[in-house]
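Inspection log for the structure reproduced underneath, given as structure tokens.
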Amino acid sequence: MAETRYAAKLRLARSQNIGPVTYAQLMARFGTAEAALDAIPDLARRGGGRAPKLADPRAIEAEMAEVERLGGRYIFLHERPYPAALAQIQTAPPVLIVRGDLALLDRPLIAMVGARNASAAARRFARELAFKLGAEGYVVVSGLARGIDTAAHSGALDSGTIAVIAGGIDVFYPPENEDLQLDIAERGVLVAEQPPGSEPKARHFPYRNRIIAGLGMGTIVVEAAPRSGSLITARQANEFGREVMAVPGSPLDPRAQGCNQLIRDGATLIQTVDDVLATLQPFDVPGIKEPDSMYRPEPASPDVEASQRKTITELLGPVPVPVDELIRESAVAPAAVQTILLELELAGRLERHAGGKVSLSDPS
């Protein structure tokens, strides 16, 4: 029975037009993945489009068999051992594929990121800081990229480290980190959002970064150029209400400009492990209260009137707008607005953006 329930959840998560926010809304509204899957065609019709293509049950069975063959397992949102801190973010992944020592997920986690082309001094600093954080009981989270990520994982390998990768759990990227990835899969935790066999694409890295930021009590940036992926991770950590820490560097080194900018914008300057410990002390993450947390269907929302759909659709355009602004400008009840947005997304007419913003999809 549990395997059937998990297969339905995975099928819902893998279906067309079903992102993290839509998944959570469907589960909250219908209580089970099976009921949500049955309701999708009618919801899409109300949104003015065709029903999205649902994942093939045979493909789901094949994926689950491949994950098992690879020695991995699935963890689902709001069910143990899904990390409580990650479950708090609005775009929490519905399902993760993991391999390794899952007990590490219950320990205090801290993210460390930085430049791929990091200086030798920065790599040494990251490796030593990760080692000292591990000695203090923290598990270091990073993205297994070249440079700072590799140094952070290496420094924390003996005490515990978590690598969040952009591709499938069986894909080695970068190739030179294959041995390190295998070591982490055995001694730490390897985390992937994409199915096995997925080659990492450019669009996957921001998704990976939000998992890194969401897992950590805070994020440490050791070296980063302006507009780098590390700064995206730091920005996401800040949006999630987590601490952002940065190591200062020479203004003459372009690789230090991102960290110096973060400090100027309010990030905590750190130079030692004691600086990090002092910054993290006040943080507290509530645990998952229900060991086998089940979604509970919400009371049926009132029927949405055609005039309300028209009002919301007319307020939307190609420029992303906050959902709160739609509610304020339309004077439509929040529950009705969320229902309309859900219908539009399932119909392929809506895109969701960072910061709780939405826009109409490009018809082309």
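As a proxy for reagent exposure, ranking M112, M64, M27, M217 by other Cβ atoms within 10 Å from fewest up yields M64, M217, M27, M112.
The C-alpha atoms of the chain define a longest principal axis, and helix 120-135 lies at about 80 degrees to it.
Approximating the spin labels as points 7 Å out from Cα along Cα→Cβ, the A39-to-E178 distance works out to 4.7 nm.
Past the 32 angstrom mark, what percentage of all C-alpha to C-alpha distances in the chain do you count? The share of Cα pairs beyond 32 Å in the chain comes to 35 percent. With θ set to phi - 60°, apply the Karplus curve 6.51 cos²θ - 1.76 cosθ + 1.60 along the range 45-59 and write out the HN-Hα couplings as whole Hz, x wherever there is a Gly or Pro. Listing the rounded values in order: 4, 5, x, x, x, 7, 5, x, 6, 7, 4, 5, x, 5, 5 Hz. Under the convention that each Lys and Arg Cβ holds +1 and each Asp and Glu Cβ holds -1, the size of the dipole of the range 98-280 around its Cα centre is about 560 debye. Remark: S142, S330, S15 ranked as S330, S15, S142, counting other beta-carbon atoms within 10 Å and listing the fewest first. Pairs of Lys residues in the chain, spaced 8 or more positions apart or belonging to different chains, with C-alpha separations under 25 angstrom: 7 in total. Of the trypsin sites (Lys or Arg not before Pro) found in the range 3-54, those that fall in a DSSP loop while having at most 10 other beta-carbon atoms within 10 Å are K53.
From helices alone, the chain scores -13000 deg cm²/dmol at 222 nm; the rule is -39500 (n - 2.57) for each run of n ≥ 4 DSSP H residues, then divide by the residue total. The C-alpha atoms of the chain define a longest principal axis, and helix 204-215 lies at about 70 degrees to it. The mean sequence distance of close C-alpha pairs (under 8 Å, at least 6 residues apart), as a share of the length of the chain, puts its relative contact order at 19 percent.
Computing FRET efficiency as 1/(1 + (r/R0)^6) for Q88 and S359, where r is the C-beta to C-beta distance and R0 is 30 Å, gives about 0.75.
Between 0 and 90 degrees, the angle of helix 306-315 with respect to the longest Cα principal axis of the chain falls at about 40 degrees. Backbone geometry of the range 237-251 corresponds, through the Karplus equation with coefficients 6.51, -1.76 and 1.60 at θ = phi - 60°, to 3J(HN,Hα) couplings of 4, 5, 5, 7, x, 9, 6, 10, 10, 9, 8, x, x, 5, x Hz, x marking Gly and Pro. Note on R124 and A59: their simple-model spin labels are 5.0 nm apart, each label 7 Å out from Cα toward Cβ.
Here the scattering of the range 70-123 is modelled by Debye summation over its C-alpha atoms, one equal scatterer each and no solvent; at q = 0.13, 0.19 Å⁻¹ the log10 of I(q)/I(0) is -0.47, -0.77. Backbone geometry of the range 339-355 corresponds, through the Karplus equation with coefficients 6.51, -1.76 and 1.60 at θ = phi - 60°, to 3J(HN,Hα) couplings of 5, 4, 5, 4, 4, 5, 5, 5, 7, x, 10, 9, 10, 9, 10, 4, x Hz, x marking Gly and Pro. Counting 0.36 nm for each residue step from D324 to R50 and taking away their Cα separation leaves a gain of 95.9 nm.
Quick one: grab the alpha carbon gyration tensor of the range 117-193, order the square roots of its eigenvalues as a ≥ b ≥ c, and give me rounded if a/c is under 1.5, else prolate or oblate depending on whether a/b is larger than b/c. In terms of gyration-tensor shape, oblate. As a size descriptor, the averaged projected area of the C-alpha convex hull of the range 98-280 was calculated at 9.0 nm². Amide H contacts under 5 Å for V171: G197, restricted to partners 5 or more places along the chain or on a different chain, H placed in the peptide plane at 1.01 Å from N.
With the simple spin-label model, which puts each label point 7 Å out from Cα in the Cβ direction, the E305 to R264 separation comes to 5.2 nm.
Note on the chain: with a GNM built from Cα contacts shorter than 10 Å, the maximum mean-square fluctuation among P93, P322, P83 falls on P322. Close amide H contacts of A267 (hydrogens built in the peptide plane, cut-off under 5 Å, sequence separation of 5 or more or a different chain): none are found.
Readers should treat all values here as calculations from the given coordinates under stated rules, not as data from a laboratory. Just so it is clear, the structure is predicted and the values come from calculations on it, not from any experiment. FYI the Cβ positions are ideal-geometry reconstructions off the backbone, even for glycines, and counts take in every protein chain you see.
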